[in-house]
Amino acid sequence: MDDLTSWLEDTGLLVSQVRGNEWQLQMSHQYADYTVTIINHGNWISYGADLIGDVVGNERDEFYRSVLQLNARLNGTRIALEDDRLVLVREDFFEDINQYSLYRSLNLFHQAHEYVYSIVLDEADKRNLFIPNR
């Protein structure tokens, strides 16, 4: 656990340890500033970040159909629904984690968030949907 804390602090990102097994990192890309929550579940580590809130409009079903199609194309991450919000999630086996694999996973997660966030916003815009809690 101490190694994980040290490795996260070495990223140069703003890191806060929320609980003994949970950290939050502040990240940003060209579309948004966002928080990545990292949780050590014992056998695996999960990374999660908010994307958008639920959409409102006539083509809502088509939007979610396109999100499911996007989800099927993702490699190493997935889109999930949590508390009426779309989130991006990734998991790694804890035994596979070292300083370099952690950085690689964070980088892949970050790139996926930028890619998915952009597509989800474009899809909502294309379908003229409203996102009340972006």
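Counting alpha carbon pairs within less than 8 Å and at least 6 residues apart, what relative contact order, in whole percent, applies to the chain?
Result for the chain is 26 percent.
If contacts are Cα pairs under 8 angstrom and at least 6 residues apart, what is the relative contact order of region 64-134 in percent?
Value for region 64-134: 22 percent.
Given a 1.4 Å probe and heavy atoms of the protein chains only, how would you sort T11, T77, largest accessible area at the top?
T11, T77
Compute the acute angle (0 to 90°) between the alpha-carbon long axis of helix 60-73 and the principal axis of greatest extent of the alpha-carbon atoms of the chain; round to the nearest 10°.
Taking Cα atoms only, the helix is inclined about 40 degrees.
Might you work out the accessible area of F130 for me, using a 1.4 Å probe with all protein chains in place, and round it to the nearest 10 Å²?
Result for F130: roughly 120 Å² accessible.
Quick one: ranking H110, H41 by accessible area, 1.4 Å probe, largest first, what do you get?
Descending accessible area places them as H41, H110.
Could you state the number of Å between the C-alpha centres of region 22-72 and region 81-100?
One Cα centre to the other: 10 Å.
The values are calculated or read from the model by the stated rules, or taken from the named source; none is laboratory data. Just so it is clear, the structure is predicted and the values come from calculations on it, not from any experiment. In case anyone asks, the SASA skips ligands and DNA or RNA and just uses the protein heavy atoms, side chains included. Shrake-Rupley method; radii C 1.70, N 1.55, O 1.52, S 1.80 Å.
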